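Inspection log for the structure reproduced underneath, given as structure tokens.
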Amino acid sequence: RLTMYLTVNIIDRYLSKKSVTTINLQLVGVVSLLISSKYEDIYPPKVKELAEITDGAYIPNQLLVMEENILSTLNFDLFYPTQWHFLECYRKKLLLNDITFFLAWYLMELALIDINIINYKGSIISSSAVLLALKYFNIFQETEFENATGFSEKYLESKIGRASCRARV
């Protein structure tokens, strides 16, 4: 799970700093997966294996060159707390039951493909997802939520917007 969120984070941060042709977009994605796997996983995939899943579009050396490019562009600053880190924290603080946790997780995954969410920190995305899940199941308690997340419902609505949040549920 962390690998996926970190991969998307690396892609987003890299693309915000560099222009990439459509032809090389797959390369950026595969290499971002490689980088995040090296960072998060015990057994990351081999470069050769990742080159093979591109169906011959790239050779291992191209992946290694892009890896160097991405890492230098990001100044080797790989760790960003992702929404997953915050969701795990909120799960414990709010004692979320499984169904509420899984709904919040699902909402966060929907946010991964929404370009409008790119400007928000992981804490905002995760808090908003938890807020929506709690409200959906009618178990939202404002004080408890604010103490756990540090955000009020009104603040999150002003950041993400009530209409966009409703569209996701």
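Could you go through the range 42-53 and let me know if any residue there is among the charged types (D, E, K, R) and within 26 Å of Ile125 (Cβ to Cβ).
No, the range 42-53 has no match at all.
On the basis of being open to solvent by 80 Å² or more (accessible area, probe 1.4 Å), free of Cβ contacts under 8 Å to residues at least 60 places away in the same chain and either among the aliphatic types (A, V, I, L, M) or within 27 Å of Ser37 (Cβ to Cβ) (or both), does Leu95 make the cut?
yes
Checking Phe79 against (1) surrounded by 13 or more Cβ atoms within 10 Å (Cβ to Cβ); (2) under 21 Å from the mean Cα position of the chain (by Cα): exactly one of these is not met. Which one?
Of the numbered conditions (1) surrounded by 13 or more Cβ atoms within 10 Å (Cβ to Cβ); (2) under 21 Å from the mean Cα position of the chain (by Cα), the odd one out for Phe79 is (1).
Val20 is checked against (1) outside any loop (DSSP other than H, G, I, E, B); (2) open to solvent by less than 80 Å² (accessible area, probe 1.4 Å); (3) touching a helix residue (DSSP H, G or I) at 6+ places or on another chain (Cβ under 8 Å) and fails just one. What number does that condition carry?
Against the list (1) outside any loop (DSSP other than H, G, I, E, B); (2) open to solvent by less than 80 Å² (accessible area, probe 1.4 Å); (3) touching a helix residue (DSSP H, G or I) at 6+ places or on another chain (Cβ under 8 Å), Val20 comes up short only on (1).
Go over the candidates Ser127, Ser152, Ser158 one by one and state the one that is closer than 16 Å to Leu87 by Cβ and among the polar types (S, T, N, Q).
Going through Ser127, Ser152, Ser158 in turn, the sole match is Ser127.
Go through Phe151, Phe145, Phe101 for me and flag whichever is out of contact with any Ser or Thr (no Cβ under 9 Å at 6 or more places or on another chain), among the hydrophobic types (A, V, I, L, M, F, W, C) and open to solvent by less than 60 Å² (accessible area, probe 1.4 Å).
The unique qualifying residue is Phe101.
Could you give every pair whose Cβ atoms fall below 7 Å, whose first residue belongs to the range 148-162 and is among the charged types (D, E, K, R) and assigned to a helix (DSSP H, G or I), and whose second residue is at pLDDT 95 or above and surrounded by 13 or more Cβ atoms within 10 Å (Cβ to Cβ), counting only separations of at least 6 or pairs across chains?
Close Cβ pairs (under 7 Å, with a partner that is at pLDDT 95 or above and surrounded by 13 or more Cβ atoms within 10 Å (Cβ to Cβ)) amount to Glu153/Leu131.
Look at Asp12 and say whether it is under 17 Å from Pro81 (Cα atoms), among the acidic types (Asp, Glu) and surrounded by 15 or more Cβ atoms within 10 Å (Cβ to Cβ).
Yes; evaluated as a whole, the condition is true for this residue.
Considering only the range 112-134, state which residues are farther than 16 Å from Thr149 by Cβ, hydrophobic (A, V, I, L, M, F, W, C) and in a helix (DSSP H, G or I).
Leu112, Ile115, Ile117, listed by residue number.
Could you tell me whether Ser127 is open to solvent by less than 20 Å² (accessible area, probe 1.4 Å) and among the hydroxyl-bearing types (Ser, Thr, Tyr)?
yes
Looking at the range 1-16, which of its residues are assigned to a helix (DSSP H, G or I) and out of contact with any Leu (no Cβ under 8 Å at 6 or more places or on another chain)?
Correct list: Leu2, Asn9, Ile11, Asp12, Leu15, Ser16.
The values are calculated or read from the model by the stated rules, or taken from the named source; none is laboratory data. Owing to the predicted nature of the structure, the values given are computational and were not obtained by experimental measurement. When we count neighbours, we look across all protein chains shown, and the Cβ atoms used for this are built from the backbone with ideal geometry, even at glycine. Protein only, heavy atoms only, side chains kept; ligands, DNA and RNA dropped before computing areas. Shrake-Rupley method; radii C 1.70, N 1.55, O 1.52, S 1.80 Å.
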